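Before anything else, here's the structure in question.
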């Protein structure tokens with residue numbers, strides 16, 4: 001990474017209070033060109049709950065000082081009730097959150113150092129915020145950069161996938177709950193106020209994952225903050241960025257296809273990371289691309305960025321399966337629009353263990369997968385890539401033993417795909433609901449199976465996520481399942497493999513009872529989005545090398561560590577996946593604050609009994625400086641019966657090593673065809 005700055009000297013405003021109409025003040029950290037008062041600049045806002053002072057400052061310093069040095073007011077804004085902001089936190093993406101942002105943008109526009117033009121940028125929550133606030137059309141918001149985010153909070157946000165409950169609901173739910181209860185910083189809010197503010201947060205704390213699990217259909221709870229409800233509400237320019245290893249890889253495609261506002265898309269090999277530090281690599285000069293975007297939309301400069309193709313994608317090359325990759329080989333391609341005129345479907349017919357472009361003989365096939373199929377899936381969203389890992393899928397032969405598999409003949413020429421592979425199955429099911437899991441893999445001549453993409457569908461959601469319909473035993477249904485979008489080149493000599501199972505644990509919780517699916521193979525098909533190379537692909541200019549300003553200086557006081565292992569118990573029969581991360585202890589040198597983080601995740605299930613599935617999450621955050629020493633921790637356990645989920649959440653807060661607050665929740669949540 002090249003350390004670089006622009007021509008304008010920068011000053012840092014460690015904390016600026018932004019007043020709201022109800023008397024609440026939001027805490028902002030602002031990097032500002034020193035001469036902005038006499039030469040006003042556009043503002044760029046990252047609006048998230050991850051603590052500007054001690055949660056995200058290492059990353060923020062490297063990004064926002066860089067932008068400021070190129071003539072922008074760079075603002076990291078804590079959401080109400082988080083970090084150092086006043087008020088109380090409710091839940092993710094509530095209307096109040098967007099109301100506050102609209103007010104804050106108006107306040108920022110009125111400052112003497114602001115030109116009146118505003119942009120928003122963010123990854124994950126910050127990317128969500130940018131889209132949600134854009135849909136409110138605040139005056140002055142001209143453009144956003146949204147990374148690893150979603151337009152649909154129900155279908156693509158770590159809670160549900162195809163109507164299946166994701167275990168990330170518990171993993172992220174624990175993080176969200178515990179993280180938001182942390183103390184504000186006494187140096188910012190005042191020695192006389194911090195403790196009372198913290199106690200208010202603790203008394204207000206509630207694990208909102210209770211609501212996430214309760215709302216099992218796509219109802220108004222999820223529609224709030226989902227911009228897919230009205231794409232036309234977004235009228236500012238949108239730069240949608242994602243990565244193939246990320247959990248939100250399909251979102252840029254939907255945004256490009258459905259928005260009417262000016263838009264561009266960029267998809268690389270990365271996980272849940274900014275592309276200038278993207279992993280797996282190669283990383284790119286993403287901050288320079290952002291400057292081209294900001295200069296065009298916020299300063300009116302002709303940077304040429306809007307004359308370039310709408311979508312630029314990294315086409316992954318074939319690799320052997322591995323839990324971690326430093327880099328993924330491949331090449332860039334560009335498409336003028338999405339859907340792309342360069343993509344056309346190729347139909348593969350299904351037969352007994354076979355995929356063919358020609359019709360195959362009749363075959364009636366049954367599948368009733370062990371509950372542990374999915375153990376080789378890796379993470380739904382690899383948050384730790386480039387840091388800890390390993391989070392990628394393993395060799396898919398682990399899971400293929402409990403699946404129906406369909407293989408093509410060895411390819412005589414490369415088969416590059418870009419978009420969402422789709423399967424259409426003619427099936428019957430002997431239970432009211434079941435999970436349909438489909439995986440697309442690259443089968444090498446030596447037998448290794450590398451997962452390319454996958455998709456899930458709760459079969460009671462086959463006609464949508466609002467009005468559910470149980471499956472009727474003996475009745476045949478035509479089922480369509482779109483897998484996650486991907487860009488990948490199957491090389492000559494390799495086979496294409498489609499695997500179908502009735503479980504995908506621990507990414508998704510099992511169905512209430514074991515189900516047998518019967519597939520009429522000769523009436524079923526797979527559609528691959530073939531994207532052949534174009535001459536224009538070779539004309540693409542290379543991205544610049546990554547650069548950023550220097551990150552905040554830190555000192556490691558205790559190194560981090562990671563354990564990730566699979567355990568098979570024979571008596572009693574049980575399979576478990578354990579992940580233990582210890583972030584160590586790190587001092588943020590400019591402010592002297594020491595931060596620490598631990599997280600343990602244990603997923604277990606008996607092979608032939610979905611009711612034994614158990615998820616346990618433990619998480620702890622330590623935060624302190626001098627006499628101010630605090631910690632918060634939570635433990636979540638989810639079990640299930642055929643009819644109900646049972647959720648237990650225990651929470652504790654500590655000051656100077658002494659427990660000062662403790663609370664528990666025990667919830668019985670009826671299952672609604674999940």
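The values are calculated or read from the model by the stated rules, or taken from the named source; none is laboratory data. Model, not experiment: these values are computed from the prediction. Here the Cβ positions follow ideal geometry from the backbone for every residue, glycine too, while neighbour counts run over all protein chains shown.
Could you tell me whether any residue of segment 500-520 is crowded, with 18+ Cβ neighbours inside 10 Å and within 22 Å of residue 328 (Cα to Cα)? Talk me through it step by step, then tell me what you get.
As a first pass, look at segment 500-520 and keep what is crowded, with 18+ Cβ neighbours inside 10 Å: 500-512, 514-515, 517, 519.
Restricting the remaining residues to those that are within 22 Å of residue 328 (Cα to Cα) gives none.
Within segment 500-520, not a single residue is crowded, with 18+ Cβ neighbours inside 10 Å and within 22 Å of residue 328 (Cα to Cα).
Just checking, which of 446, 369 is in a loop (DSSP other than H, G, I, E, B), more than 23 Å from residue 218 (Cα to Cα) and without any contact (Cβ under 8 Å) to a residue 40 or more places away in the chain?
Just one listed residue meets the conditions, 446.
Still on this model: Does any residue of segment 539-550 turn out to be at pLDDT below 95 and either in the same structural domain as residue 52 (by TED's automatic domain parsing) or touching a strand residue (DSSP E or B) at 6+ places or on another chain (Cβ under 6 Å) (or both)?
yes
Let me ask another. Just the residues that are more than 18 Å from residue 5 (Cβ to Cβ) and touching a strand residue (DSSP E or B) at 6+ places or on another chain (Cβ under 8 Å), please, taken from segment 30-41.
40
Search segment 96-126 for residues being touching a helix residue (DSSP H, G or I) at 6+ places or on another chain (Cβ under 9 Å) and surrounded by fewer than 18 Cβ atoms within 10 Å (Cβ to Cβ), and hand back the single one that is nearest to residue 382 (Cα to Cα).
So, considering only residues that are touching a helix residue (DSSP H, G or I) at 6+ places or on another chain (Cβ under 9 Å) and surrounded by fewer than 18 Cβ atoms within 10 Å (Cβ to Cβ), the one nearest to residue 382 (Cα to Cα) is 102.
To continue, here is another question. Any chance segment 40-53 includes a residue that's over 17 Å from residue 552 (Cβ atoms), out of contact with any helix residue (DSSP H, G or I) (no Cβ under 6 Å at 6 or more places or on another chain) and surrounded by fewer than 20 Cβ atoms within 10 Å (Cβ to Cβ)?
yes
Rundown of residues vs (1) in contact with a strand residue (DSSP E or B) (Cβ under 7 Å, 6 or more places away or on another chain); (2) in the same structural domain as residue 325 (by TED's automatic domain parsing); (3) touching a residue at least 12 places away in the same chain (Cβ under 8 Å), yes/no style:
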{"residue": "172", "(1), (2), (3)": "no, no, yes"}
{"residue": "179", "(1), (2), (3)": "yes, no, yes"}
{"residue": "184", "(1), (2), (3)": "no, no, yes"}
{"residue": "191", "(1), (2), (3)": "no, no, no"}
{"residue": "202", "(1), (2), (3)": "yes, no, yes"}
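Scan segment 647-674 for residues that are in contact with a strand residue (DSSP E or B) (Cβ under 6 Å, 6 or more places away or on another chain) and surrounded by fewer than 14 Cβ atoms within 10 Å (Cβ to Cβ) and report the count.
7
Before we move on, is residue 32 closer than 21 Å to residue 141 by Cβ and in the same structural domain as residue 121 (by TED's automatic domain parsing)?
Considered against the rule, which asks whether it is closer than 21 Å to residue 141 by Cβ and in the same structural domain as residue 121 (by TED's automatic domain parsing), residue 32 comes out as yes.
Can you say whether residue 93 is in contact (Cβ under 8 Å) with a residue 12 or more places away in the chain, at positive phi and either buried (at least 21 other Cβ atoms within 10 Å of the Cβ) or under 23 Å from the mean Cα position of the chain (by Cα) (or both), as far as the supplied structure shows?
Against the criterion (in contact (Cβ under 8 Å) with a residue 12 or more places away in the chain, at positive phi and either buried (at least 21 other Cβ atoms within 10 Å of the Cβ) or under 23 Å from the mean Cα position of the chain (by Cα) (or both)), residue 93 qualifies.
Which condition number in (1) modelled with pLDDT of 95 or more; (2) in contact with a helix residue (DSSP H, G or I) (Cβ under 8 Å, 6 or more places away or on another chain) is the one that residue 171 fails?
Condition (2) is where residue 171 drops out.
If you check every pair at least six apart or on different chains, which have Cβ atoms under 7 Å apart with a residue in segment 266-284 that is within 18 Å of residue 1 (Cα to Cα) and in the same structural domain as residue 381 (by TED's automatic domain parsing) first and a residue that is part of a strand (DSSP E or B) and modelled with pLDDT under 95 second?
Partner pairs satisfying both residue conditions: none exist.
Shifting gears a bit: Looking for whichever is free of Cβ contacts under 8 Å to residues at least 12 places away in the same chain and surrounded by fewer than 24 Cβ atoms within 10 Å (Cβ to Cβ) here; the options are 23, 6. Which one fits?
Within the list 23, 6, the selection yields 23.
Would you be able to say whether some residue in segment 100-111 is under 23 Å from the mean Cα position of the chain (by Cα), in contact (Cβ under 8 Å) with a residue 60 or more places away in the chain and part of a helix (DSSP H, G or I)? I'd like the intermediate steps shown before the answer.
Let us first name the residues in segment 100-111 that are under 23 Å from the mean Cα position of the chain (by Cα), namely 101.
So of that shortlist, the ones also in contact (Cβ under 8 Å) with a residue 60 or more places away in the chain come out as none.
No.
Okay, residues lined up against (1) over 28 Å from the mean Cα position of the chain (by Cα); (2) modelled with pLDDT of 95 or more:
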| position | (1), (2) |
| --- | --- |
| 609 | yes, no |
| 615 | no, yes |
| 627 | yes, yes |
| 661 | yes, yes |
| 672 | no, yes |
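Would you tally the residues in segment 177-230 being assigned to a helix (DSSP H, G or I) and within 18 Å of residue 465 (Cβ to Cβ)? Spell out the reasoning first.
To start, the set of residues in segment 177-230 that are assigned to a helix (DSSP H, G or I) comprises 177-179, 186-189, 194-204, 209-214, 220-223, 227-229.
Restricting the remaining residues to those that are within 18 Å of residue 465 (Cβ to Cβ) gives 211-214, 220-223, 227-229.
Number satisfying all stated conditions: 11.
When the residues of segment 307-348 are narrowed to those that are under 25 Å from residue 413 (Cβ atoms) and free of Cβ contacts under 8 Å to residues at least 24 places away in the same chain, which ends up farthest from the chain's Cα centre (by Cα)?
341
Still on this structure, I have one more. Do we find that residue 450 is over 26 Å from residue 244 (Cβ atoms) and either out of contact with any strand residue (DSSP E or B) (no Cβ under 6 Å at 6 or more places or on another chain) or crowded, with 17+ Cβ neighbours inside 10 Å (or both) in this structure?
Values: over 26 Å from residue 244 (Cβ atoms): no; either out of contact with any strand residue (DSSP E or B) (no Cβ under 6 Å at 6 or more places or on another chain) or crowded, with 17+ Cβ neighbours inside 10 Å (or both): yes.
Against the criterion (over 26 Å from residue 244 (Cβ atoms) and either out of contact with any strand residue (DSSP E or B) (no Cβ under 6 Å at 6 or more places or on another chain) or crowded, with 17+ Cβ neighbours inside 10 Å (or both)), residue 450 does not qualify.
Looking at segment 578-587, can you tell me whether even one residue there is outside the structural domain of residue 15 (by TED's automatic domain parsing), out of contact with any helix residue (DSSP H, G or I) (no Cβ under 8 Å at 6 or more places or on another chain) and over 30 Å from residue 61 (Cβ atoms)?
yes
In addition: In this structure, is residue 366 closer than 27 Å to residue 608 by Cα and at pLDDT below 95?
no
Only one of 149, 129 is in contact with a helix residue (DSSP H, G or I) (Cβ under 8 Å, 6 or more places away or on another chain), modelled with pLDDT of 95 or more and part of a helix (DSSP H, G or I). Can you tell me which? Before you say what the answer is, go through the steps one by one.
Numbers: 149 fails: part of a helix (DSSP H, G or I).
Result: 129 is the single residue among 149, 129 that is in contact with a helix residue (DSSP H, G or I) (Cβ under 8 Å, 6 or more places away or on another chain), modelled with pLDDT of 95 or more and part of a helix (DSSP H, G or I).
Within segment 554-575, how many residues are assigned to a strand (DSSP E or B) and either under 17 Å from residue 612 (Cβ atoms) or modelled with pLDDT of 95 or more (or both)? Outline the logic, then answer.
Going residue by residue through segment 554-575, those that are assigned to a strand (DSSP E or B) are 554-558, 561-569, 574-575.
Now narrow it down to the ones that are either under 17 Å from residue 612 (Cβ atoms) or modelled with pLDDT of 95 or more (or both): 554-558, 566-569, 574-575.
Total meeting the criteria: 11.
Among what's in segment 174-188 and is in contact with a helix residue (DSSP H, G or I) (Cβ under 6 Å, 6 or more places away or on another chain) and crowded, with 22+ Cβ neighbours inside 10 Å, pick the residue that is farthest from residue 377 (Cα to Cα).
In the first step, residues of segment 174-188 are kept if they are in contact with a helix residue (DSSP H, G or I) (Cβ under 6 Å, 6 or more places away or on another chain); the result is 181, 183-184, 186.
With the extra rule that they be crowded, with 22+ Cβ neighbours inside 10 Å, the set shrinks to 181, 183-184.
Working: 181: 32, 183: 36, 184: 38 Å.
Ranking the qualifying residues of segment 174-188, first place goes to 184.
Determine which member of the set 417, 405, 375 is under 23 Å from the mean Cα position of the chain (by Cα), assigned by TED's automatic domain parsing to the domain that holds residue 495, modelled with pLDDT of 95 or more and outside any loop (DSSP other than H, G, I, E, B).
Step by step, each of 417, 405, 375 is checked, and only 417 is under 23 Å from the mean Cα position of the chain (by Cα), assigned by TED's automatic domain parsing to the domain that holds residue 495, modelled with pLDDT of 95 or more and outside any loop (DSSP other than H, G, I, E, B).
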